[in-house]
Amino acid sequence: MNTSPRKKLLMPLVVLGVMIMTGCSITVNYPVATNQTLPGSILPLPLLDFPLIPGLQCNLPDREDFDRSVQEALGPFLSRFISISAAELNTLTLAATAESAGDFSRINHVEVTLHLVDVDGVRTHSIPLGEAHALDGFGRKITLVVEPPVDFIEVLDAGAECGAVSVAVGGMTPERDVTFDVAARVKITIRFGLSRG
């Protein structure tokens, strides 16, 4: 049975519409910071709540980043009929780069906080995202699971201009400098409906 070109074009749209109305999602890794350095020392020195990432300025994805991710996933045409209902931060990962001489083996505690920032760049509120412990150190990667996840859409709708995450670590200084990247893993839930703008 022959299918008309019009039906061939409409079928994917119908299937996509049914999927989206049930609440589909995409997961995206957003860079928070790149090529950061934790200085090492030959003699181990204690670290207590050391501000690895101070979070003094916005470093988390915003609504434009989420819209761009949806466009890249679905294309510019289909994304016009999509609305974002949630953008949940699930995990935050600190990973030593391949070129890094040091690692996080001497780090045994990490604590992460989300700071809400207003249009003037002033912190208005802070939300603890959680902490993680590793008695034997974390190795080359630290992954913090945010439980329950934080919905950036709710944060932005509440009046925040953007978000800044700070990371504090405890333990001992590494033997060698650690060069690392920080990434936020965000689950974006999308539904059928006209997008903003």
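List of remarks:
- Counting residues in the stretch 55-63 that are more than 16 Å from Gln36 (Cα to Cα) and part of a helix (DSSP H, G or I) gives one or more.
- Boolean, Ser69 is surrounded by 15 or more Cβ atoms within 10 Å (Cβ to Cβ), among the small types (Gly, Ala, Ser) and either closer than 12 Å to Ile26 by Cα or touching a helix residue (DSSP H, G or I) at 6+ places or on another chain (Cβ under 9 Å) (or both): yes
- Filtering the stretch 41-60 to residues that are crowded, with 18+ Cβ neighbours inside 10 Å and either at negative phi or acidic (Asp, Glu) (or both) leaves Leu47, Leu52, Ile53, Asn59, Leu60.
- Leading residue by the ranking (nearest to Val32 (Cα to Cα)) among those in the stretch 106-158 that are among the charged types (D, E, K, R) and over 20 Å from the mean Cα position of the chain (by Cα): Asp120
- Residue match in the stretch 156-177 (condition: touching a Cys at 6+ places or on another chain (Cβ under 9 Å), in a helix (DSSP H, G or I) and either among the hydrophobic types (A, V, I, L, M, F, W, C) or surrounded by 20 or more Cβ atoms within 10 Å (Cβ to Cβ) (or both)): yes
- Residue match in the stretch 135-151 (condition: of a type in the set (A, V, I, L, M, F, W, C), in contact (Cβ under 8 Å) with a residue 24 or more places away in the chain, assigned to a strand (DSSP E or B) and surrounded by fewer than 15 Cβ atoms within 10 Å (Cβ to Cβ)): yes
- Within the stretch 148-197, considering residues that are among the small types (Gly, Ala, Ser) and touching a Pro at 6+ places or on another chain (Cβ under 9 Å), the one farthest from Leu43 (Cα to Cα): Gly163
- Test: residue in the stretch 152-174 that is farther than 17 Å from Pro61 by Cβ and at pLDDT below 95: yes
The values are calculated or read from the model by the stated rules, or taken from the named source; none is laboratory data. Owing to the predicted nature of the structure, the values given are computational and were not obtained by experimental measurement. All Cβ positions, even for glycine, are placed from backbone atoms using ideal geometry, and neighbour counts span all protein chains on display.
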